[in-house]
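Read the structure below first, then the notes.
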Amino acid sequence: MEWSQLMNDVKKPIVELLDYESRCNLRTCSKSDCALVDSSKFTAGNITIEEVNSRMDNEKTIIRINIDTFTIWFIGKNEVTKVDRAWNGELMEWSERKGENRRDVARRHIQKYIEKFGILESKIIAIRYLTIAPSENWQLKCKVLELTEVFQNDRSWLNRIAPNNELREIVINRWDGPPLLIQPSILNVTDTLRLNLDCDITDEQLKQVRAVDLALTSPNITEGGAKRSFERFLKYGKENDEFHLRIQLPANFDFLKLLPKSVVFRRQAAQNPDLQHELKGKIIGGFSNVHGLQNVRLFACAVNFDHTHIMCHIPKKSTAPHELYPFANDYWR
């Protein structure tokens, strides 16, 4: 049976599984297919929006939007913008030139996309180095959200997360600016919460965090809060989860107090004798894990300027091929 002979009720579930490029191609086949595509729900696999500086001109920036295999660039400075498009990395032959600021053109493009589908929805959404703040009517829906250096607009983007959207992972990278205010969308992340910036999270809020794969920096987390969080990591952590807390502790604090009393810890000698105030070693037993993972954990604490970095993870196995010196194939070449 040919596609044209199928009923729309049969076609629609198929169309909803197509990626962005396939949907765009199907729209051009016929008026009925165009109407079908426009009326079908669409969830992208990956949406990335980022802004980078031009290597040729310091005043020029490039805003790039990736939706699955489709890419659109807004290139320009001041009030001149060049728009290029590509499918699967292959640049289309024609370009558009507009007498508008690139950020205004890019914002309008995002607005049209959201008006068309009702929401900016994708399994993964990554927003990097973007100077544009989200509009009030924008909504995000995703499982994984990354915000990298969005010029202190991170809270605005977090506020655009759709209600009842359960995030699996949030990663926020910012190197300066005011501390991030913690909100429910952060506490309710289920798997991975990596906030690589200062935040104001407290011991009480840390208890509410659902994610086990953690990276947090806060002056409000105490010794007791850090210890409780680490005990939870040992109990519920999966093989690839990592624990990173950067907190403020008293001078000459005994890092062994952070470990549960039942834990069997094998301390390693410091490689640098000048670094006296650090702890490094292996947790080899004395704890239970709900996933049955009793692997050795690497555990370390080190003072870095005004805070202490507490870290723990299961060491990864090397994927590099092992070679027997001097019998490696290319040794004598």
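Yes or no, residue by residue, for (1) within 18 Å of Ala302 (Cα to Cα); (2) among the acidic types (Asp, Glu); (3) surrounded by 20 or more Cβ atoms within 10 Å (Cβ to Cβ):
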| position | (1), (2), (3) |
| --- | --- |
| Val209 | no, no, no |
| Leu214 | yes, no, yes |
| Pro219 | yes, no, no |
| Thr222 | yes, no, no |
| Arg228 | no, no, no |
| Arg232 | no, no, no |
| Asp241 | no, yes, no |
| His244 | yes, no, no |
| Gln248 | yes, no, no |
Given the conditions (1) of a type outside the set (Val, Ile, Thr); (2) modelled with pLDDT of 90 or more; (3) within 28 Å of Leu167 (Cα to Cα), every one holds for Asp38 apart from (2)
Would you point out the residue of the stretch 235-263, among those that are over 27 Å from Glu146 (Cβ atoms) and in contact (Cβ under 8 Å) with a residue 40 or more places away in the chain, that is nearest to the chain's Cα centre (by Cα)?
Lys235
For Lys112, all conditions in the list (1) modelled with pLDDT of 90 or more; (2) within 23 Å of the chain's Cα centre (by Cα) hold save one; what is the number of the exception?
(2)
The conditions are (1) modelled with pLDDT under 95; (2) in contact with a strand residue (DSSP E or B) (Cβ under 7 Å, 6 or more places away or on another chain), and Gln152 fails exactly one of them. Which is it?
(2)
Restricting to helices (runs of 4 or more DSSP H) lying wholly in the stretch 6-117: which have 1 or more residues that are out of contact with any Asp or Glu (no Cβ under 7 Å at 6 or more places or on another chain) and not assigned by TED's automatic domain parsing to the domain that holds Val150?
8-15, 20-27, 31-38
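The values are calculated or read from the model by the stated rules, or taken from the named source; none is laboratory data. The structure presented is a predicted model; accordingly, all values stated were derived computationally and were not measured. Quick reminder, even Gly has a Cβ in these numbers, built from the backbone with ideal geometry, and neighbours come from all protein chains shown.
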